[in-house]
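Just so you know, all these numbers are worked out from the coordinates, no wet-lab data involved. Note that the structure is a prediction, hence the values are computed from the model and not measured. Cβ coordinates were reconstructed from backbone atoms using ideal geometry, including for glycine residues, and neighbour counts include every protein chain displayed.
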Amino acid sequence: MTLNDLSNQLIITYADLQPVGYSIVKSGSGHPTLPEGKKTTEISFVILPESDSTEIRQSLWKKCRSAVSFTDVVWINIMTHDPLLEFLKESGFTVASDSKAGPFQLPSKILTLEITKG
């Protein structure tokens, strides 16, 4: 994967000049549970546990949301034990399906968010 090309972007959030969170935006990345005929974009959303706060979450999400404004649906495969799961739900994501993630196939959720234009 090449970062920061037309289909992939790396977004980083800093605190005290140190990177504390990132999101990778992958345009055109789909999943079987997503509606057909819509532009889909997969994201990752990661914050260092020692830097996790409401402000950092909101800062990273604001940057990420701005970067995905071109798409119809944003989705993420996030592990069920990830503390960011509830934040993403509060930010408008809904559970599309149960899944598995990572090399150990741990329980996860596919979350989706419809992007409204305008």
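Remarks
- The C-alpha atoms of region 3-69 occupy a region whose extents along the principal axes are 42, 24, 17 Å, arranged from largest to smallest.
- Note on ALA15 and ASP98: with the Förster distance fixed at 35 Å, the Cβ-Cβ geometry gives a FRET efficiency of about 0.60.
- Gained length - THR80 relative to THR116, 0.36 nm times residue gap less alpha-carbon distance: 10.3 nm
- Only lysines eight or more places from LYS100 in sequence, or on another chain, were considered; those with a Cα closer than 29 Å are LYS26, LYS38, LYS39, LYS62, LYS63, LYS89, LYS109.
- Max mean-square fluctuation residue, GNM over the chain, Cα-Cα springs under 10 Å, options PRO35, PRO49, PRO103: PRO103
- Helices in the chain, meaning DSSP H runs of at least 4 residues, each add -39500 (n - 2.57). Divided by all residues, the mean residue ellipticity at 222 nm is -5500 deg cm²/dmol.
- Choice from THR94, THR54, THR71 showing the highest fluctuation, given a GNM over the chain with Cα pairs closer than 10 Å: THR54
- Projection of the Cα convex hull of region 8-114, averaged over all directions and equal to a quarter of that hull's surface, yields 6.7 nm².
- In a DSSP loop and with at most 16 other Cβ atoms within 10 Å, the GluC sites (Glu not before Pro) in region 1-84 are GLU36.
- Ordering PHE93, LEU48, ALA15 by the projection of their Cα atoms onto the charge dipole of the chain, which places +1 on the Cβ of Lys and Arg and -1 on the Cβ of Asp and Glu, puts PHE93 at the extreme positive end.
- Choice from LYS62, LYS39, LYS26 showing the highest fluctuation, given a GNM over the chain with Cα pairs closer than 10 Å: LYS62
- Charge dipole (Cα centre; +1 on Lys/Arg Cβ, -1 on Asp/Glu Cβ; no other charges) of region 8-114 amounts to roughly 300 debye.
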